2 protein chains.
Amino acid sequence: MHKVLDRINTLKDLKDLSRNELVQLCEEIRQQMLLRLSVTGGHVGSNLAIIETTVALHFIFDSPVDKIIFDVSHQCYTHKLLTGRKAAYTDPARFFSVSGFTDPAESEHDIFSIGHTSTAISLACGLAKGRDVKGETYNVIALVGDGALSGGEAFEGLNNAAALGSNIILIINDNNMSIAENHGGLYQNLRLLRETDGKAECNLFRALGFDYSFVRDGNNFNEIVDALEKFKDTNHPVVIHMCTVKGKGYRFAETDKENWHYMEPFDIATGKLQHESISVETYETLTAAYLANKMGTDPSIIAITAGTPKVLGFEKDLREQFPKQFVDVGIAEGHAVAMISGIAKAGGKPVFGVSSSFLQRTYDQLSSDLALNHSSAVILVFFAGIGWGSQTHMGVFDVSFAANIPNIIYLAPTCKEEYFSMLEWGLNQMEHPVIIRVPGVEAVSRDVALLSEYSYPAKYEMVEHGTTVAILALGSFFGLGERVRGQLSAEHGIHATLINPRYASALDQTMLNALPEYGHQLIVTLEDGVMDGGFGEKVARFYGTSYVKVLNFGAKKEFVNHVTAEEQYFRYHLTPEQIVSDILKEMKK
Amino acid sequence: MHKVLDRINTLKDLKDLSRNELVQLCEEIRQQMLLRLSVTGGHVGSNLAIIETTVALHFIFDSPVDKIIFDVSHQCYTHKLLTGRKAAYTDPARFFSVSGFTDPAESEHDIFSIGHTSTAISLACGLAKGRDVKGETYNVIALVGDGALSGGEAFEGLNNAAALGSNIILIINDNNMSIAENHGGLYQNLRLLRETDGKAECNLFRALGFDYSFVRDGNNFNEIVDALEKFKDTNHPVVIHMCTVKGKGYRFAETDKENWHYMEPFDIATGKLQHESISVETYETLTAAYLANKMGTDPSIIAITAGTPKVLGFEKDLREQFPKQFVDVGIAEGHAVAMISGIAKAGGKPVFGVSSSFLQRTYDQLSSDLALNHSSAVILVFFAGIGWGSQTHMGVFDVSFAANIPNIIYLAPTCKEEYFSMLEWGLNQMEHPVIIRVPGVEAVSRDVALLSEYSYPAKYEMVEHGTTVAILALGSFFGLGERVRGQLSAEHGIHATLINPRYASALDQTMLNALPEYGHQLIVTLEDGVMDGGFGEKVARFYGTSYVKVLNFGAKKEFVNHVTAEEQYFRYHLTPEQIVSDILKEMKK
């Protein structure tokens, strides 16, 4: 039972509350949010930090006429609770009814679907410009923080917002943390401003041309309201620098900010995970162990992350063990790719670990900074494939955009032995940018034929010699290929050929030319990503003028939201049974 | 005859000169550079501005041990002259022997091949980091300017360079101009620093953590040398803020900085072009006229550029005519794409004009900010196709990366009537992000079947009904398709079907399904871009399990340098004769 929260169902209700009731509401939301997070998991730290700000925003401004944009949007929980989706936070039966990011499909109060950092200021500039030319007068507010200022798009936005000459209100949520620590000179200035209560002459935001206001305690409701009231309906660009405490009000989250950035379901009293994490060997931990071992003997090996060190398996202890050889550039993936090109040119051996969804922030750097310059850097792509993340964080596009860039060798290992063989080669060669698609989370092992080098021309691995049908099962879908081959053989007496293509970016023309000669009539490609621009289409083009048929399997070109991997496999005809059935259909034609 | 220049052949020669001789050398280079530029054309303004800085850099530092990186690198002419390539600037017979950008293939003094802006600081960070872990001690210098600071990658670089903790020297060439005017809050701070001789407390670079030095006259050789000497072998990150005059020493270029940023061959005495520009109707001028006309009656239409207003045909007079509806965000393409998403969400009608090569800087924004949000913005892609720019500015990748993003409708008009029909529809619809690939420079006209809407499902235009062979000739290659069809018919009696696909991003499945039914046995695709990830591969996949053959034509996945469009057509089998020959070969198989 919450005295105030129980009475609040619409934004109108909120506006009828007294200041004291609003303060109490914040505390009730905090307790309820903690309860809900303990069941669902989620972005604990940033959401606990931003409760007062969110309540104040909705108290002062009139959403959806006034537009509030949440950068990254993983800190939108209180916003959702206040804008028609309370049950998702108070009714256990509906805890999973909303996503963890803003989504216009859920509510008119969610202006954009957002999951990547550093975009809100630019989006807000657009809203403000559109508003101005239409002669409208609402407020445009962007809430930015949690390390997102280090991304280039945020700076491009700041630079242009400052010059906009009309209403735009940027709230910089300064919790002195991104996912891990903050990095870069920018944060020096934020610290100086915090230490001087915003009074330092040297002020990045004023330097750019913003009006500037400092909120010392961004978890003090009244202090926030005062700042917002002052700038409501402003006619010029404003930055409100708001200091919040990540994890506010929950001691475990306040103490260990990094681990509580995102947490699986936990016990509130002890802060321990509800479910013991199953101890499996993951590519993350294996990668970290491999790199740490190498780095110990070769000081030229440098591991790089853009704000997500854990993706590479680099927990705090490892980071401290290699202060010079582990670099966190902050959320700035583009910079990371340009930087590894520079490191390689200086004779270093850089390894950049990044999730598939964030690799797409680096297309130009992959092409211009890295590939055009033949820089021998290695990029490890994690969370690639169907079912990783929802529409904002999908992992299915990386082959489609990165493997079509000249000079890049895009490798798709099928197991841990092959993965480390490729990584070892990538580190020791000096000619190619190499991207390696990490094949899932849990490491798998198989009796694989390794190469001593993975340069071009591509050499595929012929795993099983068969007839009639040849299955090219790329990377993380190799296991699927094995199952398809097994079913074809066991249930239909078709002994298919099974091939591990190894390369997402190139064809083994010798092997592909030989397949028809050895009596194959149907070539099947399996890839764990979109087919448009992907691996299978290259095979289809190769055989375009041949009599053999090519059947491509992979994901459809679409954004999918709240669809499990299993549902997607079924939708795309990617279960072994569906694939076998489709193959049989083709053979009967 | 140049008294000093004639004696200079190596960097060693340079270091033996007295200060007075060095000053004279700068002046001799300026005269010689002007002479050479009048013959070859090139980036006049920025190269005249940076002569003293470049001579001073090579006088003080020891290239190639010390690494000097030129951002964008279009201001590298004096650098090339001083580093073994003097003849390319002094011997008319060799004027065209070097490119206008740094290129490691030309010289060990060119560290990177660079053509896109805002990358040098990040590349320099990488060099510095690689140097440090290897225990080496050379200087890393990045020369950045001409508007390049507004790009997000530059800021990501600044933010990280400041935190590097070792030698990195950034020279900010502040000529108060990018290609057109500078835009954004950043330039307010540069102005403040200029007006206070670098003494203002509010200093962006100091705010980020750099040591900072101000050079009031960046065309005064001795002043520059003093600043460089002070920081040579520094052990920490330094910014040298150098004020130069764009076009220095040539009155026409100093006066009209925008037009003299890049100039075709000209007469030195009069500043007039050597060759009267042939007056043809271009898509640029037609686009500007169309938009200006629309903007006059609809204030919600907003034209946007990222630092290259002329690409959209917006010369200064038009920009001044529409101060609210024409937005130059500076060199910040990512911001531009996010901004148009915001404008569309606010009910505006944004049109972003960009060259193909620079569109690749926006992959993540195209996907996350625009397509995921179904924002109804229009992007016009200029300079797309084979033969635009050299390896740093190629226009062949845009379909491969952008047309494979979900929700984006990527249209490829064949003529001006179709182009404006698509643009008109794009502006008036409210559901889709629409990209239109401008089909070349010179406008062509044809009797085309227009649609009232270009949404999905895709509907291709059946231009000529024929038999046996069907040619799908996309966008700017439609004319090529007509010629191939003509030759097949006139010389070989084959009356091929000719199709204008209209869409680069989707298939007209109805029409494609009908082609085999109507007796077509060979489907030919022609596209003015790389085949990997392109349009033709989608067609090949579609017909993968059909008995019809598919033959794809397009560019190979590679970076090409100093290769004319004609040579590339020949290399890729894209002349009508080669295509006809390849088709005949297939038909005989």
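Just so you know, all these numbers are worked out from the coordinates, no wet-lab data involved. Values in this document were obtained by computation on a predicted structure and should not be read as measured data. Backbone-built Cβ (ideal geometry, glycine too); neighbour counts: all protein chains shown.
Below, the figures for the structure above:
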quantity	calculated
Exposure proxy ranking, count of Cβ atoms within 10 Å, fewest first, for A:Phe61, A:Phe96, B:Phe420	A:Phe96, B:Phe420, A:Phe61
Selection from A:Val225, B:Val354, B:Thr117 lying farthest towards where the dipole of the protein assembly as shown points positive, charges on Cβ	B:Val354
Spatial separation of Cα centroids for segment A:6-81 and segment B:88-107, in angstrom	62 Å
Listed peptides A:554-561, A:49-56 by packing density, highest first (mean Cβ within 10 Å)	A:49-56, A:554-561
Footprinting exposure proxy for B:Tyr569, B:Tyr262 (fewest neighbouring C-beta atoms within 10 Å first)	B:Tyr262, B:Tyr569
Spacing of the two label points (7 Å from each Cα toward its C-beta) at A:Ala269 and B:Tyr547, in nm	7.5 nm
Segment A:275-434 shape via C-alpha gyration tensor axes, a/c threshold 1.5	rounded
Top positive-direction residue, dipole computed over chain B with Cβ charges, set B:Ala336, B:Leu22, B:Gly135	B:Gly135
Dimensions in Å of segment A:240-294 - Rg and Dmax from alpha carbons	15.7, 45
Partner chain coverage, peptide A:402-413 - average Cβ within 10 angstrom	3
Other-chain or far-sequence residues with amide H under 5 Å of B:Thr468's (modelled H)	B:His520, B:Gln521
FRET efficiency for A:His562 and A:Lys3, using Cβ-Cβ distance with R0 set to 45 Å, rounded to 0.05	0.85
Cα-derived Rg over Rh, computed across segment B:529-569 with Rh taken as Kirkwood radius	1.11
Local electrostatic count at B:Gly544 - Lys and Arg +1, Asp and Glu -1, tallied over other residues with Cβ under 13 Å	+3
Ranked by how many other beta carbons lie within 10 Å on average, peptides A:516-529, B:116-129 from highest	B:116-129, A:516-529
Equivalent ellipsoid semi-axes, segment B:115-168, via Cα gyration tensor eigenvalues times 5, rooted, Å	21, 11, 8
Least to most buried among A:Val580, A:Val396, B:Val215 (fewest other Cβ within 10 Å first)	A:Val580, B:Val215, A:Val396
Two-decimal Rg to Rh for segment B:422-560 - Kirkwood Rh, Cα set	0.96
At 0.890 mPa s and 25 °C, Stokes D of segment A:404-497 from Kirkwood alpha-carbon radius, µm² per second	169 µm²/s
Environment charge at B:Ser355 (Cβ cut-off 12 Å; Lys +1, Arg +1, Asp -1, Glu -1)	0
Dipole magnitude of segment B:45-103, debye to nearest 20 (Cβ charges: Lys/Arg +1, Asp/Glu -1, about Cα centre)	200 debye
Kirkwood hydrodynamic radius (C-alpha pairs) into Stokes-Einstein, chain A, 20 °C and 1.002 mPa s, D in µm²/s	83 µm²/s
Residue closest to axis [chain B; rotation mapping onto A; Cβ; Å]	B:Gly152, 1
Helix-only mean residue ellipticity at 222 nm for the protein assembly as shown, each DSSP H run of n ≥ 4 adding -39500 (n - 2.57), per residue, nearest 500	-10500 deg cm²/dmol
Principal axis dimensions, segment A:81-209 - Cα atoms, whole angstrom, descending	51, 41, 24
Local electrostatic count, A:His79, Cβ distance below 13 Å [Lys/Arg +1, Asp/Glu -1]	-3
In nm, spacing of pseudo-spin labels at B:Leu286 and B:Glu27 (7 Å Cα→C-beta vector)	5.1 nm
Taking only Cα atoms of segment B:1-151, radius of gyration then Dmax in Å	15.1, 47
Where only C-alpha atoms are counted, convex hull volume of the protein assembly as shown per residue in Å³	165 Å³
Calculated label separations, B:Arg446, copies of the chain, 7 Å along the beta-carbon direction, nm	4.8
Protection proxy ranking, peptides B:457-465, A:315-323, B:245-253, average beta carbon neighbours within 10 Å, highest first	B:245-253, B:457-465, A:315-323
Shielding by partners, peptide A:368-376 (average Cβ within 10 angstrom, other chains)	6
Cα-centre dipole for segment A:428-549 with unit charges at Cβ (Lys and Arg positive, Asp and Glu negative), debye to 20	180 debye
Teacher prompt: A:Asp226 distances to equivalent labels in other copies, 7 Å Cα→Cβ, nm	4.9
Net charge dipole size for segment A:309-383 [Lys, Arg +1 and Asp, Glu -1 on Cβ; Debye, nearest 20]	120 debye
Farthest positive-ward along the protein assembly as shown dipole, Cα basis, beta-carbon charges - from A:Ile435, B:Gln521, A:Ala288	B:Gln521
Inter-chain Cβ neighbour average for residues B:521-529, partner chain, 10 Å	1
Across the identical copies, how the A:Ala289 labels are spaced - nm, sorted shortest first, 7 Å along Cα→Cβ	7.1
DSSP H segments from chain B that extend 24 Å or more along their own axis, Cα-based, with Kyte-Doolittle mean of -1.0 or above	B:19-40
